[in-house]
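The values are calculated or read from the model by the stated rules, or taken from the named source; none is laboratory data. Not measured: the values here are computed from a predicted model. Note that each Cβ is placed from the backbone with ideal geometry, even for glycine, and that neighbours are counted across all protein chains shown.
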Amino acid sequence: MDVRNQIHEMKLAAPTMAASSIESRNRALALVAEALEAKRDAIFSANERDLAAAAEAGVAATVQKRLRFDEGKLADCIEGLRQLAALEDPVGRVLLARELDEGLVLRRVTCPIGVIGVIFEARPDALVQISSLCIKSGNCAVLKGGRETANTNRVLFEAIRAAAVEAGLPESALLQAELHSEIDELLGCDEDVDLLIPRGSNEFVRYIMEHTRIPVMGHSSGVCHVYVDADADLDEAVSIVVDAKTQYPAVCNAAETLLVDRAVAAEFLPRVAAALGEKGARLRGTAEVCALLGGVEGIEPVEEMAADEFSTEYGDYVMSCAVVDGVREAVAHVNRYGSHHTDAIVTESDEAAEYFMQMVDSAGVYRNCSTRFADGFRYGFGAEVGISTGKLHARGPVGLEGLVTYKYRLVGDGHVVADYASGARSFHYREL
């Protein structure tokens, strides 16, 4: 059976998946955790084959790091599954209960979206996170991972799907697409797929958005900023900038641009440049940044950059840098060059912090902490299917709440509109 037919079968099974009990969905998550533990040797062996192939193909070192699925990643996945199982059922929550008239009651109740297609980057742990969130939220899922981790993804998916079926969920609730050609087939399934969530490069996400009629949720780039205000604790600022840039530079919530208030730039820039250098990272900056760091002992010359380069997402140990006149100029820069993902201010000033957090138009706005916290697991969501920089339905790390929609349930007792149109009856609207 080709992918289109399998997705159509999934669409037919979606109501059954949506009606599954929370007990069966939580049992599936528990069985997935057990299966991952039991198959650890097979998973690690498959991952070693993927890593060897990536090294032979000359894949960049920062990308190779994302491909690795080791003891730490396995432990994180299992902890995420347990955290997810402990969360409240997102399905069937009553968001509104209103009596329109005597015996005529309206309720707005959460329900799964239905069939979700997720096309994600090379990280194998993303497959575990995405599939587990879809299971918990009662959604069917088509999963297409990167070819760089095809062996790892295959072992992980087989374990997850077997666990879901053992828990009593529909056999067609999960589908793995492995061939690159199947992406275009998936994009054409607008009658059966309710939502697409792409995770990858700017160019890739743009391609998805431009080649399908299926609604798309996600972000096309991660150009995150850290702004160091005149009233910042500079020791704290150095620590935050270094973490935001170097803790894991290949991911979308790593900071790509450093903005520094002119009042503290001469003191702060040499300190942060040295600290970044110790982690193997370097700055690129405006002519002013280059001048402030030029000739400073222990600091390598800074490459000068043009204004039109401030939208660059490096995904590497490189960071753009500019000096600004206060929080208002910083906000203007972020809103012009950023990707509306996650941006942070470091300051002890409540006034500056409030202005920044109110005026920056991003899914995440932070004060005195690293942009790397923009993550569903760290937010306590159990995991995330991706980060949305849009403003409709879901924004920021998309966990369970972003994977449900709602329906209106209206229960009456022979009520007809003609009675209200004629004035024989009237609405009285009472919240229940």
For this session: For residues that are surrounded by fewer than 24 Cβ atoms within 10 Å (Cβ to Cβ) and of a type in the set (Gly, Ala, Ser), scanning just the range 238-258, find the one that is farthest from ALA352 (Cα to Cα).
Result: ALA250
For this session: For the range 2-12, indicate whether the set of residues that are under 23 Å from the mean Cα position of the chain (by Cα) and either aliphatic (A, V, I, L, M) or not assigned by TED's automatic domain parsing to the domain that holds LEU133 (or both) is non-empty.
Result: no
Problem set entry | Members of the range 63-105 found to be of a type in the set (Asp, Glu) and within 30 Å of ALA150 (Cα to Cα), listed by number | ASP70, GLU71, ASP76, GLU79
Problem set entry | Boolean, ILE113 is within 25 Å of PHE69 (Cα to Cα) and of a type in the set (A, V, I, L, M, F, W, C) | no
Exercise. In the set GLY277, GLY315, which member is part of a loop (DSSP other than H, G, I, E, B) and assigned by TED's automatic domain parsing to the domain that holds HIS340?
Worked result: GLY315
Exercise. Among the residues of the range 379-387, is there at least one that is without any contact (Cβ under 8 Å) to a residue 40 or more places away in the chain, crowded, with 19+ Cβ neighbours inside 10 Å, within 24 Å of GLN247 (Cβ to Cβ) and not aromatic (Phe, Trp, Tyr)?
Worked result: no
For this session: Give the residue, chosen from ALA55, ALA14, that is touching a residue at least 60 places away in the same chain (Cβ under 8 Å) and either farther than 15 Å from THR149 by Cα or touching a helix residue (DSSP H, G or I) at 6+ places or on another chain (Cβ under 7 Å) (or both).
Result: ALA14
For this session: Would you check if there is a residue in the range 368-386 being in a strand (DSSP E or B) and not assigned by TED's automatic domain parsing to the domain that holds GLU121?
Result: no
Exercise. For the range 399-416, does any single residue satisfy the condition of being within 12 Å of the chain's Cα centre (by Cα), under 15 Å from GLY218 (Cα atoms) and either assigned to a loop (DSSP other than H, G, I, E, B) or without any contact (Cβ under 8 Å) to a residue 24 or more places away in the chain (or both)?
Worked result: yes
For this session: Return yes or no: is LEU186 touching a Phe, Trp or Tyr at 6+ places or on another chain (Cβ under 9 Å), outside any loop (DSSP other than H, G, I, E, B) and crowded, with 20+ Cβ neighbours inside 10 Å?
Result: no
Exercise. Can you tell me which residue in the range 147-164 is surrounded by the fewest Cβ atoms within 10 Å (Cβ to Cβ), limited to those that are in contact with a strand residue (DSSP E or B) (Cβ under 9 Å, 6 or more places away or on another chain) and without any contact (Cβ under 8 Å) to a residue 60 or more places away in the chain?
Worked result: GLU158
Exercise. Take the residues of the range 189-209 that are in a helix (DSSP H, G or I) and of a type in the set (D, E, K, R): which is surrounded by the fewest Cβ atoms within 10 Å (Cβ to Cβ)?
Worked result: GLU203
Exercise. Is the range 222-234 home to any residue that is at pLDDT below 95 and either crowded, with 20+ Cβ neighbours inside 10 Å or within 30 Å of VAL3 (Cα to Cα) (or both)?
Worked result: yes
For this session: Could you name every one of the strands (runs of 3 or more DSSP E) located completely within the range 95-162 that has at least 2 residues being under 20 Å from VAL216 (Cβ atoms)?
Result: 115-119, 140-144
Seminar exercise, completed: Filter the range 61-86 for residues that are in contact with a Gly (Cβ under 9 Å, 6 or more places away or on another chain) and either of a type in the set (S, T, N, Q) or exposed (fewer than 15 other Cβ atoms within 10 Å of the Cβ) (or both); the one that is modelled with the lowest pLDDT is THR62
Exercise. Can you tell me which residue in the range 129-143 is nearest to ARG199 (Cα to Cα), limited to those that are of a type in the set (Val, Ile, Thr) and modelled with pLDDT of 95 or more?
Worked result: VAL142
